[in-house]
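S.K.: My questions will all concern the structure given below.
The values are calculated or read from the model by the stated rules, or taken from the named source; none is laboratory data. Worth saying up front: this structure is predicted, and the values here are computed from it rather than measured. Quick reminder, even Gly has a Cβ in these numbers, built from the backbone with ideal geometry, and neighbours come from all protein chains shown. Surface areas here come from the heavy atoms of the whole protein model, side chains and all, with no ligands, DNA or RNA. Shrake-Rupley method; radii C 1.70, N 1.55, O 1.52, S 1.80 Å.
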Amino acid sequence: MKLKYTLSFLLFTLAFSLSAQLRYGFKTGLNFARFDGPSEMDAAGNSLESWKNVTGFHIGATFGYSFTDNYSLRAELLFSKRGTKYTYDGASYRVFRYSNGQTLSTGNSNYLININNSYIDLPVMGVARWGDFELSAGGYVGFLVSSV
């Protein structure tokens with residue numbers, strides 16, 4: 001019976017001491033994202049494609065565990081929206097297929113495509129703090145949830 005009370009007391013004490021070192025919070029912000037790649041060129045060397053920034057957002061929860069006053073571990077669970085605006089203006093062709101053959105049509109095309117991706121991001125960072133100076137480093141895993 002004494003062992004049961006002793007273990008309960010130790011577990012309660014450990015949980016209480018861990019809660020003093022565990023921090024959590026809420027995070028939200030803006031994303032300014034753009035996809036980029038090599039552009040298709042015309043015969044004169046002019047770019048036919050362009051990529052523009054899209055403003056998105058991120059929202060989620062943060063969790064921190066302090067080892068000491070100066071060193072801690074921070075993890076986040078974020079929902080994030082990122083994307084781009086893609087335009088193409090230049091020469092193009094289309095192939096129309098029929099049951100008895102096909103027709104090739106050439107001309108100019110103008111495309112505007114909005115790409116919006118949603119991600120679940122899980123960053124984990126080690127944090128070192130000395131006075132007002134803070135240094136954090138780590139990595140993250142991102143899962144593509146949807147692409148429109």
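S.K.: Calculate the spin-label point distance for Val148 paired with Asn114, positioning each point 7 Å from the Cα along the beta-carbon direction, and give it in nanometres.
M.R.: About 0.8 nm separates the two model spin labels.
S.K.: I need the chymotrypsin sites (Phe, Trp or Tyr not before Pro) found in segment 59-148, filtered to DSSP loop residues with at most 13 other beta carbons within 10 Å of theirs.
M.R.: Qualifying residues, ordered by number: Phe67.
S.K.: Follow-up. Please list, in order along segment 32-48, the HN-Hα scalar couplings obtained from phi with the Karplus expression 6.51 cos²θ - 1.76 cosθ + 1.60 (θ = phi - 60°), rounded to whole Hz, x for Gly and Pro.
M.R.: Working through the residues one at a time gives 10, 10, 7, 8, 8, x, x, 8, 6, 10, 8, 5, 8, x, 8, 6, 9 Hz.
S.K.: Along each of the three principal axes of the Cα atoms of the chain, give the extent in whole Å, ordering the values from largest to smallest.
M.R.: 90, 44, 19
S.K.: Multiply the residue gap between Thr55 and Leu30 by 0.36 nm, knock off their C-alpha separation, and tell me the result in nm, one decimal place.
M.R.: 8.3 nm
S.K.: To continue, here is another question. Tell me which residues come under 5 Å, amide H to amide H, from Asn31 once H is placed; ignore anything under 5 positions away on its chain.
M.R.: Placed amide hydrogens put Gly56, Phe57, His58 under 5 Å from Asn31.
S.K.: Next question, about the same structure. Relative to the Cα centre, what is the charge dipole magnitude of the chain, using +1 at the beta carbon of each Lys and Arg, -1 at the beta carbon of each Asp and Glu, and rounding to the nearest 20 debye?
M.R.: Once rounded to the nearest 20, the dipole reads 660 debye.
S.K.: Of Ala43, Ala91, Ala75, which has the largest mean-square fluctuation in a 10 Å C-alpha GNM of the chain?
M.R.: The residue with the greatest mean-square fluctuation here is Ala43.
S.K.: Another question, if that's okay. Taking the chain as a Gaussian network, where each spring joins two C-alpha atoms under 10 Å apart, which residue of Leu73, Leu104, Leu122 fluctuates the most?
M.R.: Its mean-square fluctuation being the largest, the pick is Leu104.
S.K.: Where the accessible area of the chain is counted over protein heavy atoms with a 1.4 Å probe, how much of it, in %, is carbon and sulfur?
M.R.: Ligands and nucleic acids excluded, carbon and sulfur give 62 percent.
S.K.: Moving on to the next point. May I ask for the angle, rounded to the nearest 10°, between helix 2-21 and the longest principal axis of the chain, with both axes built from Cα atoms and the value confined to 0 to 90°?
M.R.: Tilt relative to the chain: about 50 degrees.
S.K.: Looking only at Asp69, Asp132, Asp121, which one moves most when the chain is put into a Gaussian network model with springs between Cα atoms under 10 Å?
M.R.: Asp132
S.K.: Please find the FRET efficiency linking Gln102 to Glu40, where r is the Cβ-Cβ separation and R0 is fixed at 22 Å, and quote it to the nearest 0.05.
M.R.: 0.40
S.K.: Now for a different question. Which value, in Å², gives the accessible area per residue of the chain when a 1.4 Å probe is used on the protein heavy atoms?
M.R.: I get 75 Å² per residue for the chain.
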